[in-house]
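Each remark here refers to the structure printed beneath this line.
The values are calculated or read from the model by the stated rules, or taken from the named source; none is laboratory data. All figures in this text were calculated on a predicted structure; none of them were measured in a lab. For neighbour counting, all protein chains shown are included, and Cβ atoms are generated from backbone atoms with ideal geometry for every residue, glycine included. Calculation scope for accessible area: heavy atoms of the full protein, side chains included, ligands and nucleic acids excluded. Shrake-Rupley method; radii C 1.70, N 1.55, O 1.52, S 1.80 Å.
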Amino acid sequence: MNPPKVSVIMNCFNGEKYLRESLDSIFCQTYEDWEIIFWDNASTDGTQQIATSYDSRLKYFRAEVNTPLGSARNMALEKATATYVAFLDSDDVYLPCALQRQVGLMESGDYGLVYAGMIIIDENGKEKRRIKLRYNSGYIFDNLLRRYEIPMCSAMIRRSVIEGEGLQFVENLEFCPDYNLFIKIAAQHQIGVIHDPIVKYRQSTENLSRKLLHLVSKEHRQTLSEL
């Protein structure tokens, strides 16, 4: 059988609270040529039981020990087989048209990565605000250096770009391995921008990113040094 067009990577550690809602949002997509690469980062809650209750389009993998997020994303990325790779965390929710919009833009031009707007929701799913994007599709590396605006949950990468250029998530970065990877792609490729929101990003006191804000400047400096 031919591989699917899209691999949606979901990394999860003890994410049972919102997991079914997140997975259901993938299974309800208007675009149907996808697989889920589900990476269970040694969860100790009901994550495995929930994830394995879905059909064979969800490919379940479990780490023997818990690893940092960059390392976990790389191990999941190695399992992807599709032309395009998207990312959805286990507490975020796709709008029904998300993959269709991403793939449509990818196939309309020579983009290394596309991203879109998002709706920020609270722990109960109530909308808090919408993120307005500033840039238009094209070579926007210089703009992104000044003001970075790529949400991980709305990004889709052309897999041949990361494989052909030997790119991956830098594993010693705790806060922004996605920034590091995406800005490197933007340095060499056109980036596609969808201004409409395609995903709901859940903002809660449990978000890992809130606990690591003190690392932002240090990790951004490392990325600029690598560039």
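Data overview
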{"item": "Residue check for Cys12: open to solvent by 70 Å² or more (accessible area, probe 1.4 Å) and within 28 Å of Arg101 (Cα to Cα)", "result": "no"}
{"item": "Looking only at the stretch 16-30, and only at residues there that are open to solvent by 10 Å² or more (accessible area, probe 1.4 Å) and out of contact with any Pro (no Cβ under 9 Å at 6 or more places or on another chain), the one that is nearest to Ile162 (Cα to Cα)", "result": "Phe27"}
{"item": "Selection from the stretch 33-45 of residues that are β-branched (Val, Ile, Thr) and open to solvent by less than 30 Å² (accessible area, probe 1.4 Å)", "result": "Ile36, Ile37"}
{"item": "Only one of Arg134, Arg101 that is open to solvent by 10 Å² or more (accessible area, probe 1.4 Å), closer than 28 Å to Gln190 by Cα and part of a loop (DSSP other than H, G, I, E, B)", "result": "Arg134"}
{"item": "Residues of the stretch 137-153 classified as touching a strand residue (DSSP E or B) at 6+ places or on another chain (Cβ under 9 Å), without any contact (Cβ under 8 Å) to a residue 60 or more places away in the chain and open to solvent by less than 80 Å² (accessible area, probe 1.4 Å), total", "result": "8"}
{"item": "Positions within the stretch 104-118 being open to solvent by less than 10 Å² (accessible area, probe 1.4 Å) and part of a strand (DSSP E or B), in sequence order", "result": "Gly112, Leu113, Val114, Tyr115, Ala116, Gly117"}
{"item": "Test: Ala63 is of a type in the set (Gly, Ala, Ser), over 27 Å from Ala186 (Cβ atoms) and surrounded by fewer than 19 Cβ atoms within 10 Å (Cβ to Cβ)", "result": "yes"}
{"item": "Failed item in (1) under 15 Å from the mean Cα position of the chain (by Cα); (2) at pLDDT 95 or above; (3) under 19 Å from Cys153 (Cβ atoms), with Met75 passing the rest", "result": "(3)"}
{"item": "Tally, over the stretch 153-185, of residues that are under 14 Å from Ile9 (Cβ atoms), assigned to a loop (DSSP other than H, G, I, E, B) and not small (Gly, Ala, Ser)", "result": "2"}
{"item": "Given (1) in a loop (DSSP other than H, G, I, E, B); (2) farther than 28 Å from Cys97 by Cβ; (3) β-branched (Val, Ile, Thr), index of the condition Ile150 fails", "result": "(2)"}
{"item": "Qualifying position, being closer than 21 Å to Phe61 by Cα, in contact with a helix residue (DSSP H, G or I) (Cβ under 8 Å, 6 or more places away or on another chain) and of a type in the set (Lys, Arg), among Arg134, Arg73, Arg158", "result": "Arg73"}
{"item": "Candidate set: the stretch 46-59, residues that are among the hydroxyl-bearing types (Ser, Thr, Tyr) and either more than 13 Å from Phe13 (Cα to Cα) or in a loop (DSSP other than H, G, I, E, B) (or both); chosen: the one most open to solvent (accessible area, probe 1.4 Å)", "result": "Ser56"}
{"item": "Exclusive hit being at pLDDT 95 or above, over 29 Å from Glu127 (Cβ atoms) and surrounded by 19 or more Cβ atoms within 10 Å (Cβ to Cβ), set Ile185, Ile198", "result": "Ile185"}
{"item": "Residue within the stretch 25-36 that is among the hydrophobic types (A, V, I, L, M, F, W, C), outside any helix (DSSP H, G or I), at positive phi and touching a Lys or Arg at 6+ places or on another chain (Cβ under 9 Å) present", "result": "no"}
{"item": "Residue match in the stretch 75-82 (condition: surrounded by fewer than 22 Cβ atoms within 10 Å (Cβ to Cβ), touching a Ser or Thr at 6+ places or on another chain (Cβ under 9 Å) and assigned to a helix (DSSP H, G or I))", "result": "yes"}
